Amino acid sequence: MSEFLMPSLGADMAAGTLRFWLRKPGDHIARGEIIAEVETEKGIVEVESYVTGTIERLLVEPGTQVPVGTPLALVRTEGEVAAASPPAQAPSAPAPPLPAVTTTPLVPPRRPRVSPLARRRAKALGIEAEQLAGTGPDGAVTVDDVERAVLPGGAPTTRKPSGVPSPSSPAERVAAMRRAIGAAMARSKREIPHYYLRTTVDFGPALAWLEQANEKRPVVERLLPAVLFVRAVALALREVPELNARWAGDEPRPNEHINVGFAITLRGGGLVAPALLDADRESLDVLMRAFARVVEDARAGLQRSSQMAEGTITVTSLGERGVETVFPIIYPPQVAVVGVGRVVERPWVVDGRVVVRPVVDITLAGDHRATDGHRGGLFLAKVGQLLAHPEAL
Amino acid sequence: MTKDEIRAVIVRRLGDIAPGAELDGLSETADLRDALDLDSMDQLSLLGGIEKELHVTVPPADVSRLRSLRDCVTYVAGRLGVG
């Protein structure tokens, strides 16, 4: 029997509130399947199962806040025999029955607007978002409408029953996120001996290649410079794997997967850094789709547990309209963070002649307990070499 | 389609991209990135919205011409042949 625990979704998370179970006892679940939703200071997280098996018992009721590491459910992994007797007095809430959705269209004057997040949530819950009554602007169906629809006895417009945490106000969420970020960064600055390195890279080849590559693509498939940076960082980490590590106890442990977190600024304040998983193995197109999705999700206040918990390095780009050079702070338990500045035109020497080139500053903050500046320098040089040949990324 | 209709589509798209932004007071000539704190992903979303709803694909070389709301409306109107 395997215990499914409240996951740690980053150094800045101490506890989480279980919002919903998306599976019930007896359900078969596959590794990677979303089985619950948890609310943290950084938003709503879809929690994926890390085992394949059958849910035996749910141990925590929706609406309960529990510390990281608390067992949430018991899962019988494949090969195990079912419990002899049914669990007595399981403290779990049975999965709410799906409500009868309106089957007669309300004759809307036009197709009802459904937020992307609400659409995905509805799909996960197996209901039709278009058939719900929306309470958002112009009758748009919001994620709250979807959530209300699956509550016990919930009809699209009923009030929330007790037991389910009502979302805190935006101001409270921002304040909570600020505290969480502050705690993680204070710990980082207190415990991690950072070293900082910077290199300036000629970004002309990358910009020219991007413009040409995007010329042939519809807008939704266009590539942004951010994915070139992520990809170059991921490939460079293959050569300096000790920077792609997480602390495990007293030692930094290089990770076999290269999961590049990307810092995303949220409107209203705060930031999150969901990871693009296996960024070294995916094509630029796949990375771009993943990037677009995590940005959309993050700004809608939704993340996936694997993206939050499995980052092995972070890239932060503050340069689009801002600074030329970023001096980032490492996000524990990672051991390195890469900063990307603004692309600016500067005099640059090519073949002994001064020419004007678009250049970008790329920085590395490394944990001196895990690596030395020499290895960090090799890593940054490799990133620069990769960006000089974008066609090979 | 009139310029006002084009403008309405673009403003609605901006509202989706930057929820909570004060679009009523948005200057016609302000740089949208500064006025609404848009990043490159937001700009891509706006271009996607223009392509989807107004059927105008902005080639990469033209993207830098669409800085303000007026720029966007003028550009799309020009491509659609709207006076």
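Here are some notes:
- Of all residue pairs spaced 6 or more apart or on separate chains, those with beta-carbon atoms under 9 Å, a first member in the stretch A:1-22 that is of a type in the set (Lys, Arg) and a second member that is assigned to a strand (DSSP E or B) are A:19/A:36; A:19/A:37; A:19/A:38; A:19/A:39; A:19/A:44.
- Applying the condition of being surrounded by fewer than 15 Cβ atoms within 10 Å (Cβ to Cβ) and assigned to a loop (DSSP other than H, G, I, E, B) to the stretch B:1-22 and asking which residue is modelled with the highest pLDDT yields B:2.
- Residue list for the stretch B:51-60, restricted to those being more than 8 Å from chain A (Cβ to nearest Cβ) and either within 12 Å of the chain's Cα centre (by Cα) or in a loop (DSSP other than H, G, I, E, B) (or both): B:53, B:54, B:55, B:56
- Members of the stretch A:170-222 that are among the polar types (S, T, N, Q) and more than 25 Å from the chain's Cα centre (by Cα): A:199, A:200, A:212, A:214
- Qualifying residue in the stretch A:366-373 (condition: surrounded by fewer than 22 Cβ atoms within 10 Å (Cβ to Cβ), out of contact with any strand residue (DSSP E or B) (no Cβ under 9 Å at 6 or more places or on another chain) and not charged (D, E, K, R)): no
- In the stretch A:200-219, of all residues being without any contact (Cβ under 8 Å) to a residue 24 or more places away in the chain and at the interface with another protein chain (Cβ under 8 Å from one of its Cβ atoms), the one that is nearest to residue A:325 (Cα to Cα) corresponds to A:211.
- Matching strands (runs of 3 or more DSSP E) fully within the stretch A:1-47 where at least 3 residues are closer than 30 Å to residue A:330 by Cβ: A:15-21, A:34-40
- The stretch B:61-77, subset outside any helix (DSSP H, G or I) and more than 22 Å from residue A:216 (Cβ to Cβ), residue farthest from the other protein chains (Cβ to nearest Cβ): B:68
- Qualifying residue in the stretch A:266-283 (condition: hydroxyl-bearing (Ser, Thr, Tyr) and surrounded by 16 or more Cβ atoms within 10 Å (Cβ to Cβ)): no
- Options B:31, B:4: the member that is touching a Ser or Thr at 6+ places or on another chain (Cβ under 9 Å), acidic (Asp, Glu) and more than 20 Å from residue A:226 (Cα to Cα): B:31
- Condition check for residue A:392: of a type outside the set (S, T, N, Q) and without any contact (Cβ under 8 Å) to a residue 24 or more places away in the chain: yes
The values are calculated or read from the model by the stated rules, or taken from the named source; none is laboratory data. Here the structure is a predicted model, which means the values were calculated and not measured. Counting neighbours? That spans all protein chains shown, and the Cβs are built from the backbone with ideal geometry, glycine included.
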